[in-house]
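Okay, so here's the structure we're looking at.
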Protein chains: 2
Amino acid sequence: MARLTRGELKVMRLLWEHGEMKPAELQARHPEPIKNSALRSHLATLLEKGHVTRRLVGKAYFYKPTMRRRSAFRATLGELVDAYCGGSIENLVMNIIRSEKLSEDDLIALRRLAEQGADQPPPGGEGGAGR
Amino acid sequence: MARLTRGELKVMRLLWEHGEMKPAELQARHPEPIKNSALRSHLATLLEKGHVTRRLVGKAYFYKPTMRRRSAFRATLGELVDAYCGGSIENLVMNIIRSEKLSEDDLIALRRLAEQGADQPPPGGEGGAGR
DNA sequence: CCCGACGTGCGGTATCTTCCGCACATCGAG
DNA sequence: CTCGATGTGCGGAAGATACCGCACGTCGGG
């Protein structure tokens with residue numbers, strides 16, 4: 001499936017954020033100082049796992065993510081929910097609201113979001129509802 | 001820090017859920033079939049990292065978690081939020097509400113929770129760190 | 001007393017993850 | 001052409017992780 005290690009994740013985040021890049025650019029933007037060879041090692045495993053592709057531009061390879069940020073997010077979120085929230089995402093949200101400290105502004109925004117969500121689910125799918 | 005691997009997490013979950021146990025019980029309750037020696041290997045690393053303690057009862061050791069479920073949860077959640085939500089937990093919640101599908105009932109419950117939370121944040125409590 | 005059941009300690013293997021150095025190819029400036 | 005900058009391929013080291021077998025000690029029933 002979609003199992004990213006911490007080192008791989010750092011690379012993927014850069015690619016998701018800034019798009020196609022070559023190793024040197026990734027190295028420059030990497031949150032921590034990292035040797036070019038170490039970075040390329042991560043790219044190699046990502047390539048092997050099929051999470052990125054690369055294409056040759058000039059004499060350098062440009063790496064592009066194939067794995068979607070959203071799907072990685074979902075996978076991770078799913079594991080967390082399974083491990084700590086009995087597999088229920090609603091449970092997770094409740095937990096967060098109860099135990100993590102959200103500012104009042106956040107709660108207000110949240111409430112609005114919940115109202116909107118309940119009233120009108122986001123557009124896009126569904127055509128038929130009609131009237 | 002509080003870094004649990006997947007194997008360790010499975011063990012910790014059993015301990016959090018059912019309390020103090022000896023290896024054989026953990027083995028029996030383990031979600032997947034696992035050899036006694038493999039299980040005890042995980043317990044050894046957990047012990048070494050200080051995430052569990054054990055005490056001798058009769059001729060068997062009983063293992064008890066020292067790490068709190070909640071703190072492990074928070075640590076994992078924090079990583080996820082950093083990686084995918086720009087470090088903002090509010091952002092995470094918004095994301096979930098928008099993209100994961102919550103039932104209307106959930107949204108309603110959520111709204112109520114947000115209202116309650118805004119009105120009266122939970123009383124002091126919190127003691128996390130103690131033993 | 002002898003034996004099987006149970007539990008522990010110890011060591012070992014295989015794989016993954018992270019990081020690194022070095023040799024080599026290419027390109028443009030001098 | 002020569003040199004330095006840039007980029008790649010390759011191999012390998014060190015630690016973490018997951019898994020396992022085996023020898024040994026103890027206890028209770030026959």
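Entry remark, the range A:30-66: residues being within 12 Å of DNA strand D (Cβ to nearest atom), in contact (Cβ under 8 Å) with a residue 12 or more places away in the chain and among the polar types (S, T, N, Q) number 2 in total.
Filtering the range B:6-19 for residues that are away from chain A (no Cβ under 14 Å), outside any helix (DSSP H, G or I) and within 23 Å of residue A:5 (Cα to Cα) leaves an empty set. Consider the range A:44-69 and keep the residues that are over 17 Å from the mean Cα position of the chain (by Cα) and among the hydrophobic types (A, V, I, L, M, F, W, C). The one that is farthest from residue A:5 (Cα to Cα) is A:57. Considering only residues in the range B:15-29 that are surrounded by 15 or more Cβ atoms within 10 Å (Cβ to Cβ) and under 17 Å from residue B:70 (Cβ atoms), the one that is farthest from DNA strand C (Cβ to nearest atom) turns out to be B:16. At least 3 residues being at pLDDT 90 or above and within 13 Å of DNA strand C (Cβ to nearest atom) is the threshold, and among the helices (runs of 4 or more DSSP H) wholly inside the range B:30-131 those reaching it are B:36-49. Residues in the range B:54-83 that are under 15 Å from residue B:13 (Cα atoms) and not aliphatic (A, V, I, L, M): 11 in all.
Summed over the range B:59-74, the residues that are more than 10 Å from every other protein chain (Cβ to nearest Cβ) and surrounded by 15 or more Cβ atoms within 10 Å (Cβ to Cβ) give a count of 6.
The values are calculated or read from the model by the stated rules, or taken from the named source; none is laboratory data. Note that the structure is a prediction, hence the values are computed from the model and not measured. All Cβ positions, glycine included, derive from the backbone under ideal geometry; neighbour counts span all protein chains shown.
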